[in-house]
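Taking it in order: structure first as structure tokens, then the write-up.
The values are calculated or read from the model by the stated rules, or taken from the named source; none is laboratory data. None of these values were measured; they are calculated from a predicted model. Every residue, glycine as well, gets a Cβ built from its backbone with ideal geometry; the counts of neighbours run over all protein chains shown.
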Amino acid sequence: MWVLYGILGIIGLLLVIALVNTVIIKNRSKSLKPLENDPLESDLLAKEFSKMIKIDTLSYQKDLKNIKKFDEFHVLMEELFPNVFKTMEKKFFEGGSLLFKWPGKSSEKPMVLMAHQDVVPANPNDWEFDPFSGKVTDTEIHGRGTLDTKSTLYSFFKACDELIKDGHVPEYDTYISSATDEEISGDGALKSVEYLREKGIVPYIVLDEGGAIVSDSLPSVKTPIAVVGVIEKGYFNVKFTAKSKGGHSSTPPKNSPIARLAAFITECESNFPMKTKMLPEVADIFKKAAPEMSFGFRFLFGNFWLFKPLITFLLPKINSFGRALLSTTIAFTMCKGSEAENVIPAEAYVIANMRTQPFQDVDPSFEVLKKLAAKFDLKAEITERREASPISSTSNEPYKYLVKTINKNYPDVVVTPYIMLGGSDCRFFSELTESAFRFSPVRMNNKELGKIHGKNESIRKSALTEAKRFYKDFIVSHK
């Protein structure tokens, strides 16, 4: 009995400590306001930027040789950023991907700024404004690529152009890398990496697209959160094939190919087979946001030292985003069976798209599914793969510098590391440096976030102005 009392006493003490901590961390942020923007400048930038949206730079593909749109795009860029094109050393790779160098006073700590030129397709019938109209309204610029990622491309080119015009020379060499095939996982950015490696250049810091400044991203959190991607999940596709003797549908056998595939899919959905683990980079998101949460959420997420096992257990069960943060994910995306309605297929298959965590990357994830598939007499084979990227440091000086610059230009936000659920060209630069970060200095809410690759993509004029200001400071303050 005394043992039970002792256990209950310890539990009670821990809960009291957690309760006190919850009160202490409340409203730790200063709730500062955003920096003000000049409306006239925002209008000017919007009109310039809209010209970049009007050129439909769909991803470059070697077999299509669709280079003309990128040639047109480069002509426009030279018109918009004449000082950059006159001053910087320029290298264009096959397909239109580029690498520019702005020589600084020193080559000791070079910086690389990244954003891709290509965009995904868009159906005009689904949009309020034509996706390649570059329509400018009172508050926004509309069109495909406004968020992903011509806005950041425009912003740092404009920042560089204005700095050059003002006579600024960067303290260290500054590089601009921009691919034309990021949206199709091409190798345009890899060419820049190979070139820099040949020259023996090791970037001090790399900044590509990735996390953004997102409002209403977590329950009860009103403060915008600037999420900096420090790792990209891996990616691979698995084909699961079921075979049989086939036959006529009038006499259907048990355990036909489609039935076995369906049972396998149901098993994966019902009894998720992959590991669940809370990476420190994921935990940091909630720890940093906890002071901005309402009391109940703050009590839970502000006391990770006590509730981490419970949070790790609950998050994947709450929604798909929680599952993606904590596990390698399985998405069944394609399938094929018989060619006719009345024929039992001799062979059927499904494709699963996997996004892997570093603690359970491609090979161990595949082994789990291969073993499970065998129970349903299915063959499993990998058709495409890439490993999770190395984790960029969040304790070194480059990361601290990035956080400092974000806080300076966006004083109202909370900054936290983040795990990228999708992919970017930044993964190539992870081969060169431990300071390859994925952050777009663009404000957006959840609704705007959903427009990326979706309908009615747009960016606020103010967000574009803020992004240009951020890049100017990022370059100038790099000393």
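For the reader, a short list of remarks on this structure follows.
- Residues within the range 112-144 that are polar (S, T, N, Q) and more than 23 Å from Ser42 (Cα to Cα), tallied: 2
- Selection of the range 390-415 for residues being of a type in the set (A, V, I, L, M) and assigned to a helix (DSSP H, G or I) yields Leu402, Val403, Ile406.
- Residue that is in the same structural domain as Leu44 (by TED's automatic domain parsing), polar (S, T, N, Q) and farther than 20 Å from Asp425 by Cβ, where the choices are Ser133, Ser151, Ser155: Ser133
- Among the criteria (1) modelled with pLDDT of 90 or more; (2) out of contact with any Ser or Thr (no Cβ under 7 Å at 6 or more places or on another chain), the one Pro316 does not fulfil is (2).
- Residue within the range 184-201 that is farther than 18 Å from Leu98 by Cα, modelled with pLDDT of 95 or more and surrounded by fewer than 19 Cβ atoms within 10 Å (Cβ to Cβ) present: yes
- Residue among Lys158, Lys165, Lys150 that is touching a residue at least 12 places away in the same chain (Cβ under 8 Å) and buried (at least 23 other Cβ atoms within 10 Å of the Cβ): Lys150
- Matching residues, the range 315-334, being touching a helix residue (DSSP H, G or I) at 6+ places or on another chain (Cβ under 9 Å) and either crowded, with 16+ Cβ neighbours inside 10 Å or of a type in the set (Val, Ile, Thr) (or both): Leu315, Pro316, Gly322, Arg323, Ala324, Leu325, Leu326, Ser327, Thr328, Thr329, Ile330, Phe332
- The residue that is nearest to Ala242 (Cα to Cα), counting only those in the range 328-348 that are among the aliphatic types (A, V, I, L, M) and modelled with pLDDT under 95, is Ala346.
- In the range 228-250, the residues that are over 30 Å from Val442 (Cα atoms) form Cβ pairs under 7 Å with partners that are of a type in the set (Lys, Arg) and at pLDDT 90 or above, at six or more places apart or across chains, as follows: Thr241/Lys379; Ala242/Arg260.
- A count restricted to the range 237-254 and to residues that are part of a loop (DSSP other than H, G, I, E, B) and buried (at least 16 other Cβ atoms within 10 Å of the Cβ) stands at 1.
- For the range 335-389, a tally of residues being in a helix (DSSP H, G or I) and surrounded by fewer than 18 Cβ atoms within 10 Å (Cβ to Cβ) returns 8.
- Residues being closer than 15 Å to Lys51 by Cβ and of a type in the set (A, V, I, L, M) - total across the range 109-151: 3
- Yes/no for Phe157 being of a type outside the set (Asp, Glu) and within 30 Å of Lys404 (Cα to Cα): yes
Residue-wise test of (1) touching a residue at least 40 places away in the same chain (Cβ under 8 Å); (2) in contact with a strand residue (DSSP E or B) (Cβ under 9 Å, 6 or more places away or on another chain); (3) outside the structural domain of Ala467 (by TED's automatic domain parsing).
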{"site": "Pro316", "(1), (2), (3)": "yes, yes, yes"}
{"site": "Asn319", "(1), (2), (3)": "no, no, yes"}
{"site": "Glu347", "(1), (2), (3)": "yes, yes, yes"}
{"site": "Glu381", "(1), (2), (3)": "yes, yes, yes"}
{"site": "Pro398", "(1), (2), (3)": "yes, yes, no"}
{"site": "Leu402", "(1), (2), (3)": "yes, yes, no"}
{"site": "Lys408", "(1), (2), (3)": "yes, no, no"}
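- Scanning the range 211-252 for residues that are modelled with pLDDT under 95 and among the polar types (S, T, N, Q) returns Ser215, Ser217, Ser220, Thr223, Ser244, Ser249, Ser250, Thr251.
- Any hit, the range 229-248, residues being under 30 Å from Thr146 (Cβ atoms) and in contact with a Phe, Trp or Tyr (Cβ under 7 Å, 6 or more places away or on another chain): yes
- Residue in the range 349-367 that is acidic (Asp, Glu), at pLDDT 95 or above and farther than 20 Å from Ser327 by Cα present: no
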